[in-house]
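Visitor: Dropping a structure here in structure tokens format, bear with me for questions.
The values are calculated or read from the model by the stated rules, or taken from the named source; none is laboratory data. What you see is a predicted model, and the numbers here were worked out from it, not measured in a lab. Cβ placement follows ideal geometry from the backbone for every residue including glycine, while neighbour counts extend to all protein chains displayed. Just the protein is used for accessible areas: all its heavy atoms, side chains included, with ligands, DNA and RNA removed. Shrake-Rupley method; radii C 1.70, N 1.55, O 1.52, S 1.80 Å.
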Amino acid sequence: MTWRGPTYRTVDGQRIDGVWCHVWRRSPWNDRYHLDDLAVFADGAVRGEERTDLRGLAKLLASGRIAVTEPGASKLPDERSAWASRSGEPVTPEGFLLEVADKVEELNGRPTAGQRCRDAIGLFQQDPSESNRVLLREAYLAVPPHLRIYVLGDMDRQDRPLRILLTEVGAAVDGGGPVVTAEMHADVLDYFNRGDEGVAREKEHRAVRHADDPVTAGEAAFTSPETIYPHGWPDVLGLFVLRNEFPAPVVFAGETYPSVLHGYWALSAADAADHDRIRDAPSGREAHDRGGRADRRADWPGMRLAVMGGLLEAKFTQHPDLAEILLSTGDSVISYTGFSDSPFWRDAPDSRGRNWVGRLLELTRSGLVARQALPS
């Protein structure tokens, strides 16, 4: 089965994560089967045409109302040798139920059957005793049969090393494969040890290459909302100063603009007269309206990000009191929301919101930190 996601549902205001796959569902009207989506959630709920759980899903599979392979489809020919086969076991209702239970574990951040099997391999590597071989065999058999072939993540050898290790010396693997020797068992342990060494080397290399990755979670995201103040901006400065319409004069590109919004829209204008009219607007909102009606420079799409970034840098380097407020946001992601700016600049609940002002504010904040820390 191919699982897709993420999906989720909301229960009492809480998001419950899930995944989904295709199954075959029998119509109650004509007994024909059609493809349907089956969703599985972290709390064990199962959703299709009906709402049920793992026990209910087992009943649906047993009754034939849901099938995990296309009913009536021709079956693959039987393999002559289980050892030589490159195909896994076919998906069965019982195996699918085990896989669904595994998905619930995975969605909850708990070990899956495959992960528990790999843990058992590690235990056997440390102490290759018969008791640990028994535990390994149990862990391997707990993996859904159709997934066992891939449990090691080795597309070439598949699960053959495990099948050798779980076969007694002197017995044939899978009944018709090679007869196992003590040397074969030792080779398998060496295979697992080499794999562990390769993983350790890769982790070491990654730690070097990713040495500057954050090691702790950042501060909670901060939202900068667009707010209208009917009686004027508050006298006591607050986080509202991050807004582009806040009246903080900036000197940029040889001109002084009453706010970032004035500067951005004035510099976008193709005509010099429009530039001056926008610059002289009585408020940021009026500058925005005048700028939106003016003709844009032909090269504006290629420079607008740099202009906005430059205006924000000028604002916060030329006004230390405002810089302190921006720095007070720490390393929070800044979500710049509102209703006046285009989705290119603001954060929005749909996929159109690109939050470029928020991102440029974070870049400006980082620049302020670097200015304080590095020699000029």
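Visitor: State which residue is nearest to Arg148 (Cα to Cα) when the search covers only segment 1-10 and only residues that are assigned to a strand (DSSP E or B) and open to solvent by 80 Å² or more (accessible area, probe 1.4 Å). Break it down stepwise before answering.
Guide: To start, the set of residues in segment 1-10 that are assigned to a strand (DSSP E or B) comprises 4-10.
In the following step, the residues that additionally are open to solvent by 80 Å² or more (accessible area, probe 1.4 Å) were identified as 4, 6, 8, 10.
On the way: Arg4: 20, Pro6: 24, Tyr8: 28, Thr10: 34 Å.
So, considering only residues that are assigned to a strand (DSSP E or B) and open to solvent by 80 Å² or more (accessible area, probe 1.4 Å), the one nearest to Arg148 (Cα to Cα) is Arg4.
Visitor: Of all residues in segment 154-171, which are within 18 Å of Gln125 (Cα to Cα) and surrounded by fewer than 12 Cβ atoms within 10 Å (Cβ to Cβ)?
Guide: The answer is Glu168, Val169.
Visitor: Cβ-Cβ under 6 Å, sequence separation 6+ or interchain: first residue in segment 364-376 and within 18 Å of Val260 (Cβ to Cβ), partner among the charged types (D, E, K, R). Which pairs?
Guide: Note: pairs meeting the criteria are Thr364/Glu313.
Visitor: Right, something else. May I ask you to say which residue of Leu57, Leu76 is within 30 Å of Leu136 (Cα to Cα) and not acidic (Asp, Glu)? Steps first, please.
Guide: Numbers: Leu76 fails: within 30 Å of Leu136 (Cα to Cα).
Going through Leu57, Leu76 in turn, just one is within 30 Å of Leu136 (Cα to Cα) and not acidic (Asp, Glu): Leu57.
Visitor: Mind listing whichever residues of segment 141-171 are basic (Lys, Arg) and either on the phi > 0 side of the Ramachandran plot or part of a loop (DSSP other than H, G, I, E, B) (or both)?
Guide: Arg157
Visitor: What strands (runs of 3 or more DSSP E) completely inside segment 248-363 contain at least 3 residues that are surrounded by 17 or more Cβ atoms within 10 Å (Cβ to Cβ)? Give the derivation first.
Guide: Numbers: elements: 250-252, 255-257, 334-336.
By residue number, 334-336.
Visitor: Separate question: Just one of the numbered conditions (1) in contact with a Pro (Cβ under 7 Å, 6 or more places away or on another chain); (2) more than 24 Å from Glu79 (Cβ to Cβ) is not true of Arg133; which one?
Guide: If we test Arg133 against (1) in contact with a Pro (Cβ under 7 Å, 6 or more places away or on another chain); (2) more than 24 Å from Glu79 (Cβ to Cβ), just (1) comes out false.
Visitor: Quick check on Arg25: is it in contact (Cβ under 8 Å) with a residue 24 or more places away in the chain and either of a type in the set (Ser, Thr, Tyr) or in contact with a strand residue (DSSP E or B) (Cβ under 6 Å, 6 or more places away or on another chain) (or both)? I'd like the intermediate steps shown before the answer.
Guide: Numbers: in contact (Cβ under 8 Å) with a residue 24 or more places away in the chain: yes; either of a type in the set (Ser, Thr, Tyr) or in contact with a strand residue (DSSP E or B) (Cβ under 6 Å, 6 or more places away or on another chain) (or both): yes.
Considered against the rule, which asks whether it is in contact (Cβ under 8 Å) with a residue 24 or more places away in the chain and either of a type in the set (Ser, Thr, Tyr) or in contact with a strand residue (DSSP E or B) (Cβ under 6 Å, 6 or more places away or on another chain) (or both), Arg25 comes out as yes.
Visitor: Next question, about the same structure. Condition first: in contact with a strand residue (DSSP E or B) (Cβ under 8 Å, 6 or more places away or on another chain) and free of Cβ contacts under 8 Å to residues at least 24 places away in the same chain. Now tell me which residues in segment 173-214 satisfy that.
Guide: If the condition is that a residue be in contact with a strand residue (DSSP E or B) (Cβ under 8 Å, 6 or more places away or on another chain) and free of Cβ contacts under 8 Å to residues at least 24 places away in the same chain, then Val179, Val180 are the ones that fit.
Visitor: Please find, among Arg137, Arg148, the residue that is basic (Lys, Arg) and in contact with a helix residue (DSSP H, G or I) (Cβ under 8 Å, 6 or more places away or on another chain). Lay out the reasoning, then the answer.
Guide: Values: Arg137 fails: in contact with a helix residue (DSSP H, G or I) (Cβ under 8 Å, 6 or more places away or on another chain).
Of the residues listed, the single one that is basic (Lys, Arg) and in contact with a helix residue (DSSP H, G or I) (Cβ under 8 Å, 6 or more places away or on another chain) is Arg148.
Visitor: Now, a different point. Here are some conditions: (1) open to solvent by 70 Å² or more (accessible area, probe 1.4 Å); (2) out of contact with any Ser or Thr (no Cβ under 9 Å at 6 or more places or on another chain); (3) outside any loop (DSSP other than H, G, I, E, B). Asp174 meets all but one. Which one does it not meet?
Guide: Unmet for Asp174, out of (1) open to solvent by 70 Å² or more (accessible area, probe 1.4 Å); (2) out of contact with any Ser or Thr (no Cβ under 9 Å at 6 or more places or on another chain); (3) outside any loop (DSSP other than H, G, I, E, B): (2).
Visitor: Among all residue pairs at least 6 apart or on different chains, which show Cβ distances below 9 Å where the first residue, located in segment 314-338, is touching a residue at least 60 places away in the same chain (Cβ under 8 Å) and more than 19 Å from Pro258 (Cα to Cα) and the second is assigned to a loop (DSSP other than H, G, I, E, B) and among the aromatic types (Phe, Trp, Tyr)?
Guide: Filtered contacts from segment 314-338: Tyr336/Trp345; Gly338/Trp345.
Visitor: Taking only pairs six or more apart or across chains, which ones have beta-carbon atoms under 7 Å, a first residue in segment 66-91 that is under 20 Å from Arg148 (Cα atoms), and a second residue that is open to solvent by 90 Å² or more (accessible area, probe 1.4 Å) and among the charged types (D, E, K, R)?
Guide: Hits for this filter: Ser85/Glu79; Ser87/Glu79.
Visitor: Let me ask you something else. Testing Asp187 on (1) outside any loop (DSSP other than H, G, I, E, B); (2) within 30 Å of Arg365 (Cβ to Cβ); (3) open to solvent by 80 Å² or more (accessible area, probe 1.4 Å), one condition comes back false. Which one is that?
Guide: (2)
Visitor: Looking only at segment 215-240, count every residue that is without any contact (Cβ under 8 Å) to a residue 24 or more places away in the chain, surrounded by 10 or more Cβ atoms within 10 Å (Cβ to Cβ) and within 35 Å of the chain's Cα centre (by Cα) and tell me the total.
Guide: We begin by selecting, within segment 215-240, every residue without any contact (Cβ under 8 Å) to a residue 24 or more places away in the chain; these are 215-217, 227-236, 240.
After this cut, where a residue has to be surrounded by 10 or more Cβ atoms within 10 Å (Cβ to Cβ) as well, the list is 227, 233-234, 240.
Filter once more, so that each one left must be within 35 Å of the chain's Cα centre (by Cα): 227, 240.
Here the count works out to 2.
Visitor: Report yes if some residue within segment 194-211 is at pLDDT below 95 and within 30 Å of Gly353 (Cα to Cα); otherwise report no.
Guide: Yes, segment 194-211 contains at least one residue that is at pLDDT below 95 and within 30 Å of Gly353 (Cα to Cα).
Visitor: Turning to a different aspect of this structure: Specify which of the listed residues (Leu261, Leu326) is in contact with a His (Cβ under 9 Å, 6 or more places away or on another chain), under 16 Å from Ser224 (Cα atoms) and modelled with pLDDT of 95 or more. Outline the logic, then answer.
Guide: Numbers: Leu326 fails: in contact with a His (Cβ under 9 Å, 6 or more places away or on another chain).
Answer to the check: Leu261.
Matching residues to (1) among the hydroxyl-bearing types (Ser, Thr, Tyr); (2) touching a helix residue (DSSP H, G or I) at 6+ places or on another chain (Cβ under 6 Å):
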{"position": "Glu313", "(1), (2)": "no, yes"}
{"position": "Asp321", "(1), (2)": "no, no"}
{"position": "Leu326", "(1), (2)": "no, yes"}
{"position": "Gly330", "(1), (2)": "no, no"}
{"position": "Trp345", "(1), (2)": "no, yes"}
{"position": "Ser351", "(1), (2)": "yes, no"}
{"position": "Leu360", "(1), (2)": "no, yes"}
{"position": "Ala370", "(1), (2)": "no, no"}
{"position": "Leu374", "(1), (2)": "no, no"}
